[in-house]
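Colleague: Next up is a structure, given as structure tokens.
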Amino acid sequence: MTKNILGLFVCILGLISCTGTKDKDESQLTARYELAKEGAWCWFADPRAIHYENRKGTINKTYIGYIDTHGNIKASQYDFKTGETQEVMVRSWFQPDDHDNPTFLVLPDERVMILYSRHTDEPCFYYRVSEKPGDIKDLGPEFKIPTQRNTTYPSPFILSDDPDHFYLCWRGISWHPTIAKLSLPDEEGKVEMVWGPNQIVQSTASRPYAKYASNGKDKIYMAYTTGHPDPTMPNYLYLNYIDIHSMELKDVTGEVISKVGEELHHVAATQEYKQHHANAVVDDTGLRDWLWQVAIDRNEKPVIAMVRINEDKSSHDYYYARWTGSGWQKTFLTNAGGHFHQSADIEKCYSAGMAVDDQNTNEVYCSVPVSGKYGTVYELVKYTMDEQGELSRTDTLTKDSELNNVRPYIVPNRKKSPLKLTWMYGNYYDWIVSKERPMGFSTAIYTDYKLKREVADLDAGLTHEEANPVKGIKNRRFYLPEPNEFSIFLDLELDTVASGGVLLSLANLTYGVDAETLKPYIQLGDQTYKSNNVLGNSDRWQEEPRSTNGAWYAPVKYTSVLLTVVYHNGELTTYVNGLVDQVVSLKDFKSPEFELGALAREMTLCKIYNRPLNYTEISLLAGE
């Protein structure tokens, strides 16, 4: 009996020990903070967020990009030096499709380039470049990069062995992985195609899906599948890299496979292909493989976050794959249930998501179904591998969430930044807005770091306020305070019959909307500064069939607008519905008053301040 009790005691100690290595104390749950009320992304265009800090210590910021269901491409920047957040309208009236999320590239001169494209609809990328180093609040004009045929998922890279160019990878020619070499943006922001575009591989399936990563020096790694897992079974997973010195496609051991631009490498989900290119095939189980990320560890060996989906697509398994130096090791992490979204009849291969920490590549963040307070909800869990590539620890990061936490992403190049993890939170019905599913991707963007919002005091410096609807406001004058720094907040009903016109006038400055383009403009004397964004949105897609048919539906014009105008330190900044729209340098600008123009049909609220409002205050006024 004594031996039995002793044996039971040893077993209990063993269970306690195992539990301690596998599960973290729930007191260590990740805090959740909302960055943006409306936003989403796909997982094949990256980096969808990035951190940048320079050696001089003048820039220390994180940039996060996303798109909302109204077709607005947005980006937020958080300044760790000042605690200031800015949310910028990069492009309004775009295709309301989560495949169109923007990606970032910090240039050698520290300007920030933002790239985006429609989902298969146009043979081009769009991009904007910040006017100032490290500051996306002030973006230059929108330019296009012409491509060939289908264009989706921009992934840009600058490599130290070729610092005068950047490389752009995407799903392009024949719906296959495509690459081009471009000049860096000049002072005006313009680029030129130097080499390419060239298709990298040719698959037996119609649409290979690729993820990219670089060693920062001379290689771009590409993990990719035979095709989309929905119609493709078996769907293999492969990895190659491109040597930018020779533009050769190589396997993980450095064996040359093809010369990109001169010969097209053909891949197939067959054992015959694997016999010829054993090291290029990461996984060949005969299931529907898909992938979420490829990263490079500190020894320059690739690791991959991948998923195996069963034959009827009802069960998804998360795996961690790594190159050991002699072969591909795959480690099972957990079952991810089935598709995560609320629409049962579409996209059954949509897992809830995985992300590899680029600074600790043995850590993978996964979204998994968990039974909790609000039923079965997708929660975030971290899985840690040991040096042998085996699962050694499981940490619960979110618990008892009301809605799903999906598509996690680790902010790359974050160094010691406390903002590490970001993800989508909410309900998801489809990747595109349409009359079939007008709710689309009704998600917010969350982070694991509480942004230090600026102090808000909406009574400080307030010199004038009218809170009742005022009609017949044409040519009515409002007086501005001295000294000549001010903020004007206006809640305006617009004349919906007029296509354009003047909204307000200050001295010799006019702020209006162009009747032909529906874009705001600032005119000072003979100089006109045009906005990149339509004063409207893409809600017309809620009336159209689900399709990527290349159509540009007419924008839905705003019937009202929340307009904030701030003049501070020689800059005039306009915010439309709480988002930065235009920044114009106006040195020594003075205006004792302003008046509303004919396009403003009714004024619901007017507030005038003798100081610049900060972004937190502007967000509060805009109802955020």
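The values are calculated or read from the model by the stated rules, or taken from the named source; none is laboratory data. For clarity, every value in this text was computed on a predicted model and none was experimentally measured. Cβ placement follows ideal geometry from the backbone for every residue including glycine, while neighbour counts extend to all protein chains displayed.
Colleague: Would you confirm, using the coordinates I've provided, whether Phe80 is out of contact with any Cys (no Cβ under 7 Å at 6 or more places or on another chain), without any contact (Cβ under 8 Å) to a residue 60 or more places away in the chain, of a type outside the set (S, T, N, Q) and under 23 Å from Asp448 (Cα atoms)?
Modeller: no
Colleague: Related question: Looking at Thr573, Thr548, which one is touching a strand residue (DSSP E or B) at 6+ places or on another chain (Cβ under 9 Å) and within 16 Å of Gln523 (Cα to Cα)?
Modeller: Step by step, each of Thr573, Thr548 is checked, and only Thr573 is touching a strand residue (DSSP E or B) at 6+ places or on another chain (Cβ under 9 Å) and within 16 Å of Gln523 (Cα to Cα).
Colleague: Hand me the list of strands (runs of 3 or more DSSP E) wholly inside region 530-602 holding 2 or more residues that are buried (at least 17 other Cβ atoms within 10 Å of the Cβ) and β-branched (Val, Ile, Thr).
Modeller: Once the strands (runs of 3 or more DSSP E) in region 530-602 are filtered for at least 2 residues that are buried (at least 17 other Cβ atoms within 10 Å of the Cβ) and β-branched (Val, Ile, Thr), what remains is 560-568, 571-576, 579-585.
Colleague: Please specify each residue of region 375-417 satisfying the condition of being among the polar types (S, T, N, Q), in a loop (DSSP other than H, G, I, E, B) and more than 23 Å from Trp328 (Cβ to Cβ).
Modeller: Residues satisfying the conditions are Thr398, Ser401, Asn413, Ser417.
Colleague: With the condition kept exactly as written, say whether any residue in region 89-111 is surrounded by 24 or more Cβ atoms within 10 Å (Cβ to Cβ), closer than 25 Å to Lys416 by Cβ and touching a residue at least 60 places away in the same chain (Cβ under 8 Å).
Modeller: no
Colleague: Could you check region 453-479 and list, in sequence order, the residues that are assigned to a loop (DSSP other than H, G, I, E, B), modelled with pLDDT of 90 or more and among the hydrophobic types (A, V, I, L, M, F, W, C)?
Modeller: If the condition is that a residue be assigned to a loop (DSSP other than H, G, I, E, B), modelled with pLDDT of 90 or more and among the hydrophobic types (A, V, I, L, M, F, W, C), then Val455, Ala456, Leu458, Ala460 are the ones that fit.
Colleague: Hey, another quick one. Has region 83-101 got at least one residue that is more than 12 Å from Val580 (Cβ to Cβ), in contact with a Lys or Arg (Cβ under 7 Å, 6 or more places away or on another chain), in a strand (DSSP E or B) and at pLDDT 95 or above?
Modeller: Scanning region 83-101, I find no residue that is more than 12 Å from Val580 (Cβ to Cβ), in contact with a Lys or Arg (Cβ under 7 Å, 6 or more places away or on another chain), in a strand (DSSP E or B) and at pLDDT 95 or above, so the answer is no.
Colleague: If you don't mind, there's one more thing I want to ask. So which residues in region 149-174 are touching a residue at least 40 places away in the same chain (Cβ under 8 Å), of a type in the set (Gly, Ala, Ser) and touching a strand residue (DSSP E or B) at 6+ places or on another chain (Cβ under 9 Å)?
Modeller: Ser155
Colleague: Which one of Asp138, Asp162 is among the acidic types (Asp, Glu) and in a strand (DSSP E or B)?
Modeller: Asp138
Colleague: Of the residues Val364, Val356, which single one is farther than 25 Å from Gly254 by Cβ and buried (at least 17 other Cβ atoms within 10 Å of the Cβ)?
Modeller: Exactly one residue qualifies, and that residue is Val364.
Colleague: What do you reckon, is Thr232 polar (S, T, N, Q) and either farther than 23 Å from Trp175 by Cβ or surrounded by fewer than 16 Cβ atoms within 10 Å (Cβ to Cβ) (or both)?
Modeller: No.
Colleague: For region 53-75, which positions are closer than 17 Å to Lys37 by Cα and either in a loop (DSSP other than H, G, I, E, B) or in contact (Cβ under 8 Å) with a residue 60 or more places away in the chain (or both)?
Modeller: Selection gives Tyr63, Ile64, Tyr66, Asp68, Thr69, His70, Gly71, Asn72, Lys74, Ala75.
Colleague: Next up: Six or more apart or on different chains, Cβ under 7 Å: which pairs go from a residue in region 564-579 that's under 13 Å from Arg611 (Cβ atoms) to one that's modelled with pLDDT under 95 and surrounded by fewer than 21 Cβ atoms within 10 Å (Cβ to Cβ)? Could you list them?
Modeller: Listed by first residue and then by second, the contacts come to Tyr567/Glu485; Tyr567/Phe589; His568/Glu485.
Colleague: Is it true that Glu187 is surrounded by fewer than 24 Cβ atoms within 10 Å (Cβ to Cβ) and under 30 Å from Tyr78 (Cβ atoms)?
Modeller: yes
Colleague: I would also like to ask the following. For region 418-452, give me the residue count where each residue is assigned to a loop (DSSP other than H, G, I, E, B) and farther than 21 Å from Thr62 by Cβ.
Modeller: 11
Colleague: Let me ask something else. Got a sec? Which of Thr82, Thr58, Thr69 is in contact with a Phe, Trp or Tyr (Cβ under 8 Å, 6 or more places away or on another chain) and of a type in the set (Val, Ile, Thr)?
Modeller: Result of the check over Thr82, Thr58, Thr69: Thr69.
Colleague: Return the only residue of Arg288, Arg298 being in contact with a Ser or Thr (Cβ under 9 Å, 6 or more places away or on another chain) and closer than 24 Å to Ala336 by Cβ.
Modeller: Criteria check complete, one pass: Arg288.
Colleague: Are any residues in region 205-260 of a type in the set (Asp, Glu) and within 16 Å of Arg322 (Cα to Cα), and if so, which ones?
Modeller: Passing the criteria: only Asp251.
Residues checked against (1) free of Cβ contacts under 8 Å to residues at least 24 places away in the same chain; (2) basic (Lys, Arg); (3) closer than 27 Å to Trp431 by Cα:
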{"residue": "Pro123", "(1), (2), (3)": "no, no, yes"}
{"residue": "Arg128", "(1), (2), (3)": "no, yes, yes"}
{"residue": "Gly134", "(1), (2), (3)": "no, no, no"}
{"residue": "Thr147", "(1), (2), (3)": "no, no, yes"}
{"residue": "His176", "(1), (2), (3)": "no, no, yes"}
{"residue": "Asp186", "(1), (2), (3)": "yes, no, no"}
{"residue": "Met193", "(1), (2), (3)": "no, no, no"}
{"residue": "Gly196", "(1), (2), (3)": "no, no, no"}
{"residue": "Gln202", "(1), (2), (3)": "no, no, yes"}
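Colleague: So Thr604 clears everything in (1) of a type in the set (Ser, Thr, Tyr); (2) at pLDDT 95 or above; (3) over 30 Å from Asp79 (Cα atoms) except one condition, right? Which one?
Modeller: (2)
Colleague: Of Thr443, Thr447, Thr510, Thr517, which residue is of a type outside the set (Phe, Trp, Tyr), in contact with a Gly (Cβ under 9 Å, 6 or more places away or on another chain) and closer than 30 Å to Thr422 by Cβ?
Modeller: Thr443
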